[in-house]
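Here is the structure we will look at, set down as structure tokens.
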Amino acid sequence: MFAVKRIMVIFMAGILLAAGACGGLDTEDQAPVANPQQTQVKQEGKASAPMDGQAAQETAKLAYAVSPAPARGRMMTGMAPPPPMPVDREQYQELKGNPVKRVAEDPVSTFSIDVDTGSYANVRRFLNHGQMPRTDAVRVEELINYFSYNYPAPGDKSAPFKASVAVAPTPWNKDTLLMRVGIKGYEVKTDKRPPANLVFLLDVSGSMGSPDKLPLLKSAFKMLSQQLRADDKVSIVVYAGAAGVVLEPTSGDQHAKIMAAMDKLQAGGSTAGGQGIQLAYNVARQAFVKDGINRILLATDGDFNVGTTNFRALLDMVEQQRKDGIGLTTLGFGAGNYNEKLMEQLADKGNGNYAYIDRLSEANKVLVEQLSGTLLTIAKDVKLQVEFNPAIVAEYRLIGYENRILAREDFNNDKVDAGEIGAGHTVTALYEIALVGGKGLRMEPLRYQDQKQAKGSADELAFLKIRYKLPDQESSKLIEMPIAKDLEVESIAKADQDFRWAASVAAFGQILRGGKYTGQFTYDDVLELARGARGDDPYGYRGGFVEMVGLAKALDNSAK
């Protein structure tokens, strides 16, 4: 009898194991759905009507409620298996640092401006999780431009921004100079902001289920919704295995209705991001506001895995759609599978900006405190070109902007896309330069090079040109200004507070990327420079930077 029972136990165990191997114990893709017959979501190309069967279940997964699936492959002892090690599938664009260039051979530097700040918050996320950031996750210009600077502002939107230049000794190299080009966009008060047509394009796929993704996303967009007015319109488009509209264009002052739609969203399914983007543009066109703000805010981890997933195809689609005057802002969330490369470049192609939301205070910064800058573009296709004077400057190096470099001939070509500036934004670009006959030269003279004295004005370091278009125009305007040699101050201590702050952030970013040009400059040197330039810090952003540098110092084994 005992032998028979033992055989039966073994037999039943075999059946259970076989069922698990064949998927019988795996309900991850068959999670129960709450009231699928009552779900009403307008999918692309379908009427908004009650559905039944498989269509209702799939749409319910998409927009409203997917119950968490039981863990795969429970152990036969009844104990849950240990949690799997997280798989790092994050994607970043490879960046090669800008080289030092000889003015005699290559006197002109041309690039597109950048007001993205996503890299800063993403670096902070790495450090707060006890990790040094990946090298390619660090874009130095985005660290610098995370902060606002007190540059001279223009009088009105007819001249949407104003440029200024400053020069001081380089903190990490006493034999070179740091040249700063600063741009300040005109401010727009909240009550003067044009009416907005906003489409919240939200990723509700299964990869968004963790607390730092969809729950944080919902809180962030609720904060934004509270800032909207009666003359604004809001739509909500979601996507998982398919794309659907969960809120038709709604007056911005109907906060309770917008909040209720947000509250119903839960994560589940695959990620048809391309379909979601296409549907969001369709909805934005239907509610288009003439002479107003028309913008899609895409919030996702960027892990598109069904439908249009080809990187180039997604960028081409957004580039085509922007012709209708609808901007695309991207907001990144989460870790592990985060596709930063896609998020940053989608915003570039969509005439928008990119931010990474790692905490609720960052959402408040981007979507509340700086809402006008996030939503309202005051100048587009902004390009900078600096021609260095070979009689004074021997070498130069642009710090950051590696993926914004343009060919010299692109500067005058109005068909070449470039960056946008939002209301109140500041943009900072830094060059490290070495003077003719100085000790800071990094290149040996060539044997057969023409040794004749270079021609150029004796009182100019360089000549600055800026091209831009007003948001509703396709022909560019030009700003020109010489950069006088007498702008130079004799020591970094005598440079203005914002100059010293930007220099400290630039040094930190370069150290995180390997410190190829920063010599013996250390985290302690960064801290000393930053603490002396912190100044008035009403929101605590600069204090947060000091904390970040301290974390990096503690985590970076190469600095010990």
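The values are calculated or read from the model by the stated rules, or taken from the named source; none is laboratory data. The structure displayed is predicted, hence computed values, not measured ones. Virtual Cβ from ideal backbone geometry, glycine too; neighbours counted across all protein chains shown. All accessible areas refer to the heavy atoms of the entire protein, side chains included, with ligands and DNA or RNA removed. Shrake-Rupley method; radii C 1.70, N 1.55, O 1.52, S 1.80 Å.
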**Q.** Criterion violated by Ala530 - all others in (1) in contact with a Ser or Thr (Cβ under 6 Å, 6 or more places away or on another chain); (2) surrounded by fewer than 21 Cβ atoms within 10 Å (Cβ to Cβ); (3) of a type in the set (Gly, Ala, Ser) satisfied
**A.** (2)
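If I filter the stretch 349-380 down to residues being out of contact with any Leu (no Cβ under 9 Å at 6 or more places or on another chain) and outside any helix (DSSP H, G or I), which single residue comes out as farthest from Leu228 (Cα to Cα)?
My answer is Asn353.
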Q: Could you please let me know if Ser164 is free of Cβ contacts under 8 Å to residues at least 60 places away in the same chain, more than 27 Å from Lys341 (Cβ to Cβ) and in contact with a Pro (Cβ under 6 Å, 6 or more places away or on another chain)?
A: yes
Q: Being open to solvent by less than 40 Å² (accessible area, probe 1.4 Å) and over 25 Å from Pro160 (Cβ atoms) is the filter; apply it to the stretch 211-228 and report the residue that is farthest from the chain's Cα centre (by Cα).
A: Ser225
**Q.** Condition check for Ala313: at pLDDT below 85 and not in a loop (DSSP other than H, G, I, E, B)
**A.** yes
**Q.** Candidate set from the stretch 148-158 (those that are among the small types (Gly, Ala, Ser) and either in a strand (DSSP E or B) or in contact (Cβ under 8 Å) with a residue 24 or more places away in the chain (or both)); member that is farthest from Ile479 (Cα to Cα)
**A.** Ser148
Q: Counting only residues that are polar (S, T, N, Q) and modelled with pLDDT of 50 or more, give me the helices (runs of 4 or more DSSP H) lying completely in the stretch 53-144 with at least 2 of them.
A: 118-128
Q. Tally time: how many residues in the stretch 399-419 are closer than 19 Å to Arg102 by Cα, assigned to a strand (DSSP E or B) and open to solvent by less than 10 Å² (accessible area, probe 1.4 Å)?
A. 1
Q.
Against the condition at pLDDT below 95, surrounded by 15 or more Cβ atoms within 10 Å (Cβ to Cβ) and either not in a strand (DSSP E or B) or not hydrophobic (A, V, I, L, M, F, W, C) (or both), how does Gly424 come out, does it pass?
A. yes
Q: Return the total of residues in the stretch 472-490 being open to solvent by less than 60 Å² (accessible area, probe 1.4 Å) and more than 19 Å from Ile392 (Cα to Cα).
A: 2
**Q.** Criterion (of a type outside the set (Ser, Thr, Tyr), in contact (Cβ under 8 Å) with a residue 24 or more places away in the chain and surrounded by 17 or more Cβ atoms within 10 Å (Cβ to Cβ)) met by exactly one of Ala429, Ala458
**A.** Ala429
Q | Cβ pairs under 7 Å, 6+ apart, first in the stretch 277-299 and farther than 21 Å from Asn353 by Cβ and in contact (Cβ under 8 Å) with a residue 40 or more places away in the chain, second acidic (Asp, Glu) and surrounded by fewer than 16 Cβ atoms within 10 Å (Cβ to Cβ) | A | Arg285/Asp324
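Among what's in the stretch 166-204 and is open to solvent by 20 Å² or more (accessible area, probe 1.4 Å) and part of a strand (DSSP E or B), pick the residue that is nearest to Ala507 (Cα to Cα).
Looking at the filtered set, the residue picked out is Asn173.
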Q: Confirm whether Leu265 is part of a loop (DSSP other than H, G, I, E, B) and either over 18 Å from Leu371 (Cβ atoms) or open to solvent by less than 40 Å² (accessible area, probe 1.4 Å) (or both).
A: yes
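Each row is one residue, and each column tells you yes or no for (1) of a type in the set (Phe, Trp, Tyr); (2) more than 24 Å from Ala166 (Cα to Cα); (3) touching a Lys or Arg at 6+ places or on another chain (Cβ under 7 Å).
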residue	(1), (2), (3)
Asn413	no, yes, no
Thr426	no, no, yes
Val436	no, no, no
Glu460	no, no, yes
Arg467	no, no, yes
Leu478	no, no, yes
Met481	no, no, no
Q. Residues of the stretch 248-276 being under 27 Å from Arg193 (Cα atoms) and touching a residue at least 40 places away in the same chain (Cβ under 8 Å), which ones?
A. Glu248, Pro249, Gly252, Met262
Q) Can you tell me how many residues in the stretch 402-417 are touching a Ser or Thr at 6+ places or on another chain (Cβ under 7 Å) and modelled with pLDDT under 95? A) 0
Q | Unique residue being assigned to a helix (DSSP H, G or I) and surrounded by 16 or more Cβ atoms within 10 Å (Cβ to Cβ) when the list is Ser235, Ser207 | A | Ser207
**Q.** Residues located in the stretch 336-348, provided they are buried (at least 19 other Cβ atoms within 10 Å of the Cβ) and of a type outside the set (S, T, N, Q)
**A.** Tyr338, Glu340, Leu342, Met343, Glu344, Leu346, Ala347, Asp348
Q. Does at least one position in the stretch 506-515 carry a residue that is more than 24 Å from the chain's Cα centre (by Cα) and open to solvent by 40 Å² or more (accessible area, probe 1.4 Å)?
A. no
Q) Could you say which residue among Ile392, Ile378 is touching a residue at least 12 places away in the same chain (Cβ under 8 Å) and open to solvent by less than 10 Å² (accessible area, probe 1.4 Å)? A) Ile378
Q. Which condition does Tyr431 not pass, out of (1) aromatic (Phe, Trp, Tyr); (2) outside any loop (DSSP other than H, G, I, E, B); (3) at pLDDT below 95, if it passes all the others?
A. (3)
Q: Write out, first by first residue and then by second, each pair whose Cβ atoms fall under 8 Å of each other, whose residues are 6+ apart or on separate chains, and whose first residue, in the stretch 118-129, is farther than 14 Å from Lys553 by Cβ and among the basic types (Lys, Arg) while the second is outside any helix (DSSP H, G or I) and at pLDDT below 95.
A: Arg125/Ala335
